[in-house]
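Please read the structure below before turning to the comments.
What follows is calculated from the coordinates using simple rules that are stated; it is not laboratory data. No experiment lies behind these values; they were computed from the predicted model shown. Every residue, glycine among them, receives a Cβ derived from its backbone with ideal geometry; neighbour counts consider all protein chains shown.
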Amino acid sequence: MKINRKYKIAILSIVAMLIGGVAVTITCFSIVEKNADGRLYSDATEIPYNKVGLFLATSPITPGGAHNYNFDNRVKAAEELYKAGKVDYIIASGGDYTQTEDNGCDEPQAILDSLIVRGVPADRIILDYEGTRTLNSIAKAKQVYGLDSLTLISQKYHNERAIYLAEKYCIHAIGYNANPSPIVHSQIKNTLREYLARVKMFIDIYTGKAS
């Protein structure tokens, strides 16, 4: 009986922790989503002007070697903003993974090359190699570039999280949503990853890493 009781208590404890973890994850996701209400745009003619757009990088090639449509769509979004006169400069914020990862890419350089092909002048693109995390990109926008407002360029789910982080650095941020990948399994993977990324963001905030 004692063994059975201990077993039941252990099972109940595990179930309670799982339920609690799911509840926390969903709560974090919802807080970030609601916070971005009214600050996300998908039409370049409607979005307000900001001097600087912050392109949150992703690699043109996935870790598995497949084409990354999220990269293409972010480049297209950045082009749209610039040509609509809604930003004057674009910070290409990412990392150089050419020496550290299989299929690794120099993300800022890839953004630069892609935007130049689309007609954005090179002198309007600023390369930021410290943007290995969204947190780093936002922090540098404030602490190094001295920005109080900016336009974020990424997919909707990513812009929502970046807007929340920007607030912690006293940056008034709006987001221009690039289209999501047309690959369904990629959409699912990114959504699941985003749930965890938002939990990690709150941990960073409450442990003082986002300061």
Would you please give the residues with an amide H less than 5 Å from that of residue 175, counting only those at least 5 places away or on a separate chain, with H modeled from the backbone geometry?
40, 41, 152
Could you sort out which of 51/200; 34/83; 76/140 sit more than 28 Å apart by Cα distance in this structure?
51/200; 34/83
Long-range HN-HN contacts of residue 56 with modeled amide H, under 5 Å:
153
For the range 24-32, Karplus-derived ³J(HN,Hα) couplings (6.51, -1.76, 1.60; θ = phi - 60°; whole Hz; x for glycine and proline) come out as 5, 4, 5, 4, 4, 4, 5, 4, 5
Reference-scaled alpha-carbon Rg (2.2 N^0.38 Å with N residues) for the range 137-211:
1.17
Per-residue HN-Hα couplings for the range 110-116 [Karplus 6.51, -1.76, 1.60; θ = phi - 60°; Hz; x = Gly/Pro]:
5, 5, 4, 4, 5, 6, 4
Give the shape of the range 92-138 as rounded, prolate or oblate, defined through the alpha-carbon gyration tensor: a ≥ b ≥ c are the square roots of its eigenvalues, a/c under 1.5 means rounded, and otherwise the shape is prolate if a/b is larger than b/c and oblate if not.
oblate
Relative contact order (%) - the range 89-211, alpha-carbon pairs under 8 angstrom, separation at least six:
19 percent
Limiting things to C-alpha atoms, what are the Rg and the maximum Cα-Cα separation (Dmax) for the range 1-117, in angstroms?
22.3, 74
Residue range of the chain that is longest and free of GluC sites (Glu not before Pro) which are both DSSP loop and sparsely packed (at most 15 other C-beta within 10 Å):
131-211
Distance in nm between label sites at residue 203 and residue 98, each 7 Å beyond Cα in the beta-carbon direction?
3.3 nm
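Mind running the shape call on the chain? Use the C-alpha gyration tensor, a ≥ b ≥ c as the square roots of the eigenvalues: rounded below 1.5 for a/c, prolate if a/b tops b/c, oblate otherwise.
prolate
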What are the chymotrypsin sites (Phe, Trp or Tyr not before Pro) within the range 69-114 that DSSP puts in a loop, where the Cβ has at most 10 other Cβ atoms within 10 Å?
none
Quick one: Karplus J couplings for the range 170-187, per residue in order, coefficients 6.51, -1.76, 1.60, θ = phi - 60°, nearest Hz, x for Gly and Pro?
6, 10, 7, 10, 10, x, 9, 7, 6, 5, x, 4, x, 7, 4, 5, 5, 4
For residue 109 and residue 51, FRET efficiency with R0 = 25 Å and r from the beta-carbon atoms, rounded to 0.05?
0.60
